[in-house]
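Working notes for the structure below.
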Amino acid sequence: MATQAVAPSRTRFGATERKDDWWRAPLITVIALTAFGIYSIVILIMGSHFLYTKGGAYYLSPFYSPDIRSWGVHITVYGFFVAWVPAGFRITCYYYRKAYWRSFFLSPPACAVEGPRGRRYQGERKFPFILLNAHRFFLYLSLVVVAFLWYDAGHAFVFRDPDGSHTFGVGVGSLLMLLNVILLSGFTFGCNSLRHLVGGRLDCFTCSGTAKARHRTWLGVNVLNRFHMQWAWVSLCSVALTDLYIRLASVGVFTDPRIIH
């Protein structure tokens, strides 16, 4: 007589039939995001050494861009005033939401792995998690921030001479700032909300010139979106490393090497 297989009951936290080290990804996520969060809060509270100007350079930390002080705005918590946009963009990002739901809330900790009893994912329909649906609005603001970061990266290649004139140059800091904004652009322009913005609500991709243009743009966003997780992590690291480099150079740990004068 044929017997019917019965799926095992999974009520114990961590119960799974998986044989791989499924716990590594959630653990690494907790460590990485916690470290970045602590680092960000500390340097924003410090509110100093975020600008390197020695040798005529102008390297501005990505945590403090745009430089609203140059506009005549003087705020005590200057760093927090400008950092909330990129922070909100990452917190509400679809990839990061999956990452921290699994790693911090263990809901579930991984595919086919039992989470803590009583902790079931029920959607983001109640406060405060319903605020995560504001992701597309953070996208619009983040596009403005990325534009300022491109300006800062370009400014990093212009050095002020002792006589007040400006010349083109390349420093290690210049290259780091350029690499950082490239990685941030890959993360931002690969956003799922941007895919919907440029290609959503179209019934036909070939019915007009505008539809064809939107379709081409949508395909370009898809290329970046395919590696959205990778863009998310490498850009997170580049922001921290760029700030750390500018901070260490600003306090005099080393002098930014000028590659091209």
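The values are calculated or read from the model by the stated rules, or taken from the named source; none is laboratory data. Here the structure is a predicted model, which means the values were calculated and not measured. Backbone-built Cβ (ideal geometry, glycine too); neighbour counts: all protein chains shown. What goes into the accessible areas is simple: the full protein's heavy atoms, side chains included, and nothing from ligands, DNA or RNA. Shrake-Rupley method; radii C 1.70, N 1.55, O 1.52, S 1.80 Å.
Relative to the longest principal axis of the Cα atoms of the chain, the long axis of helix 172-188 makes an angle of roughly 40 degrees.
The structure shown yields Kirkwood radius over Cα pairs in Å, and of the options [x] 19.1; [y] 19.7; [z] 21.2 that calculated value carries the label [z]. Model label points for Arg160 and Leu202, set 7 angstrom from Cα along the Cα-to-Cβ axis, are 4.6 nm apart. Scanning residues 5 or more positions from Ser107 or on other chains, those with amide H under 5 Å from its amide H are Arg102, with H placed 1.01 Å from N in the peptide plane. Over the chain, Cα pairs under 8 Å with separation of 6+ residues give a relative contact order of 25 percent. Structure remark: mean-square fluctuation, Gaussian network model of the chain, C-alpha springs under 10 Å; the largest value among Pro109, Pro86, Pro162 belongs to Pro162. For Trp150, the solvent-accessible surface with a 1.4 Å probe is about 110 Å², rounded to the nearest 10. Taking the 0 to 90 degree range and rounding to the nearest ten, how far is the long axis of helix 94-103 tilted relative to the main principal axis of the chain, both from C-alpha atoms? It is inclined by approximately 60 degrees. In the complete set of protein chains, residue-level accessible area for Phe50 is approximately 20 Å², probe 1.4 angstrom.
Shown are Thr16, Thr210, Thr188, whose ranking by accessible area with a 1.4 Å probe and every protein chain present, most to least, is Thr210, Thr16, Thr188. Label-to-label distance, Cys111 versus Ala87, with points set 7 angstrom from Cα along the beta-carbon direction: 3.4 nm. Rolling a 1.4 Å probe over the protein chains gives Cys111 an accessible area of about 70 Å².
Measure nothing but the geometry: give the 0 to 90° angle between the long axis through the Cα atoms of 24-46 and the longest principal axis through the Cα atoms of the chain, rounded to 10°. With rounding to tens, the tilt is 30 degrees. For the chain, the solvent-accessible area with a 1.4 angstrom probe is 58 square angstrom per residue. Here the accessible area is traced with a 1.4 Å probe on the protein chains. For the chain, carbon and sulfur cover 66 percent of it.
Close amide-amide hydrogen proximity is noted between Ala15 and Glu114, each under 5 Å apart and 5 or more residues distant or on a separate chain (H modeled in the peptide plane; Pro and chain starts excluded).
With θ taken as phi - 60° and the Karplus curve 6.51 cos²θ - 1.76 cosθ + 1.60 applied, the whole-hertz 3J(HN,Hα) list for region 59-67 is 10, 9, 4, x, 5, 10, 9, x, 7 Hz, x standing for glycine and proline.
Sorting Phe148, Phe168 by solvent-accessible area of protein heavy atoms yields Phe168, Phe148, largest first, with a 1.4 Å probe. Loop-located trypsin sites (Lys or Arg not before Pro) in region 166-261 (DSSP state other than H, G, I, E, B) with a sparse environment of at most 10 neighbouring Cβ atoms within 10 Å: Arg201.
Size descriptors for region 180-261 (Cα atoms only): Rg and Dmax, in that order, 18.8, 60 Å. The loop-placed trypsin sites (Lys or Arg not before Pro) in region 94-185, going by DSSP, that have at most 11 neighbouring Cβ atoms within 10 Å of their Cβ come out as Arg117, Arg120, Arg125, Lys126.
Ranked by solvent-accessible area (1.4 Å probe, protein heavy atoms only, all chains present), the residues Thr34, Thr92 order from largest to smallest as Thr34, Thr92.
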